[in-house]
Amino acid sequence: MKKVAVVGCTGAVGMTMVQLLEDTEYEVVCMASERSAGKRLKAGSRDYLIEAFSVEGCAACDIVFLCVSGTFALEYGERLAENAYVIDNSSAFRYHQEIPLLVPPINGQRYKGEKLIANPNCSSAIALMVLGPLHQAFGLDSVIISTYQAASGAGQPAMLELREKARSFSDYGDHDDSEQFAHNLAFNVIPQVDSFEANGYTREEMKVVWELRKVLDEPVLAISTTAVRVPTLRSHAESLSLRFKKPIQSLEQVRTLLRVAPGVEVLDEPSRGVYPMPMTSTYKHAVEVGRIRYNLIYGEHGLDLFISGDQLLRGAALNAFEIMQLITP
Ligand SMILES: NC(=O)c1ccc[n+]([C@@H]2O[C@H](COP(=O)([O-])OP(=O)(O)OC[C@H]3O[C@@H](n4cnc5c(N)ncnc54)[C@H](OP(=O)(O)O)[C@@H]3O)[C@@H](O)[C@H]2O)c1
């Protein structure tokens, strides 16, 4: 039986990882900081004793999922990979050329036996499930993405703050005292996720640009993004405006292609109110895609789509799980 460590098991991604492993044959070791050591973590029918993170504890495992910060991953990632396969959820290694950044159904063939693997940003991972098959069929020429990102994208404490602020909200003009976001998120929309870069884009926006290019192996693909935090708890939604090299014969051709794409569910009956939403995509393994239409500017060379995917599951833990299945068959 393979032994798997989840480091950061009390966090938003770590907890989802532990839940995902619940019904599998893996032996799971739950690790977090000293603050959590000795406490218990319940996942379905299983009840784990949380251990304090240690390099030695991880060395006794076959696979280590790092669900902690980038700083933590930079400090320990490479050392841990001397003894185990390490799948890192942070952005610490994603842009290192020699470290694979994997979305298995899209670029799994890129894997060449490395011990340290990077898991993509959640917005990137969700978009790639849909962009991968479309790129293969029609050849992407340019990509414009606007994201609608849930509170849990900023971690477990951020989700708790949104719940608390929603409960205590009285009116606009309330004191703006968020500890987790740039401003209070309840009943608000914030056009800032992460810090600003010199070019006026946020780091979150640039992550999507760099990661899409790396996973699709298109180093100069034209991409522009706007990342927005919205007051949902879980699941990121994204609007995609795509221009292709090849013309698209019909929208039915697109729906048919996406219906058979792994990890994608087509929900596209707008007249019946059927389209992707966080309300329906949360806890789902597939990314929902709908509102499929020709882009009014690019004509038959362009598509507009709306997608929604559980960023803790499809965008993080499930992708990490699929990486594990790929690298340790
Ligand atoms: N949230 C998302 O949607 C998402 C999606 C994709 C990737 N990511 C990335 O995944 C990582 C985790 O994010 P998150 O949202 O799950 O964060 P989170 O909810 O804030 O959880 C952080 C986890 O790290 C643990 N931790 C902190 N310091 C530690 C230490 N010294 N030793 C061991 N464990 C320590 C915490 O344990 P304690 O409870 O003991 O402090 C907690 O379990 C981040 O790099 C993030 O960028 C997040």
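Out of all the residues in the range 171-190, which are surrounded by 13 or more Cβ atoms within 10 Å (Cβ to Cβ), within 16 Å of the ligand (Cβ to nearest atom) and part of a loop (DSSP other than H, G, I, E, B)?
Ser178, Gln180, Phe181, Leu185
Give the residues of the range 267-286 that are within 16 Å of Ser146 (Cβ to Cβ) and either part of a strand (DSSP E or B) or not aliphatic (A, V, I, L, M) (or both), sorted by residue number.
Tyr275, Pro276, Pro278 - these are the residues of the range 267-286 that are within 16 Å of Ser146 (Cβ to Cβ) and either part of a strand (DSSP E or B) or not aliphatic (A, V, I, L, M) (or both).
Got a number for residues in the range 61-118 being under 30 Å from Leu258 (Cβ atoms) and assigned to a strand (DSSP E or B)?
Qualifying residue count, the range 61-118: 6.
I'm checking my understanding of the structure. Among residues of the range 227-256 that are aliphatic (A, V, I, L, M) and under 24 Å from Lys207 (Cα atoms), which one is farthest from the ligand (Cβ to nearest atom)?
Restricting to residues being aliphatic (A, V, I, L, M) and under 24 Å from Lys207 (Cα atoms), the top hit is Leu242.
Restricting to the range 34-48, what's the tally of residues that are charged (D, E, K, R) and in contact with a strand residue (DSSP E or B) (Cβ under 7 Å, 6 or more places away or on another chain)?
Summing the residues that are charged (D, E, K, R) and in contact with a strand residue (DSSP E or B) (Cβ under 7 Å, 6 or more places away or on another chain) in the range 34-48 gives 3.
The rows are residues; the columns are (1) over 30 Å from Pro247 (Cα atoms); (2) within 12 Å of the ligand (Cβ to nearest atom).
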site: Ala127; (1), (2): no, no
site: Pro133; (1), (2): no, no
site: Gln136; (1), (2): no, no
site: Ser142; (1), (2): no, no
site: Met159; (1), (2): yes, yes
site: Lys165; (1), (2): yes, no
site: Phe169; (1), (2): yes, no
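Filter the range 218-268 down to the residues that are crowded, with 17+ Cβ neighbours inside 10 Å and over 23 Å from the mean Cα position of the chain (by Cα) and list them by number.
Once the filter is applied, which keeps residues that are crowded, with 17+ Cβ neighbours inside 10 Å and over 23 Å from the mean Cα position of the chain (by Cα), the range 218-268 yields Arg243, Phe244, Ile248, Val254.
If you take the residues of the range 1-23 that are among the polar types (S, T, N, Q) and over 21 Å from Ala59 (Cα atoms), which of them is nearest to the ligand (Cβ to nearest atom)? Quick ask: steps written out before the conclusion?
Step one: of the range 1-23, the residues among the polar types (S, T, N, Q) are 10, 16, 19.
In the following step, the residues that additionally are over 21 Å from Ala59 (Cα atoms) were identified as 16, 19.
On the way: Thr16: 8, Gln19: 13 Å.
The selected residue is Thr16.
Since every read-out is calculated from the coordinates, none of them should be taken as a lab result. Since the structure is predicted, the reported quantities are computational estimates derived from the model, not experimental observations. Please note: Cβ atoms are built from the backbone with ideal geometry, for glycine as well, and neighbour counts cover all protein chains shown.
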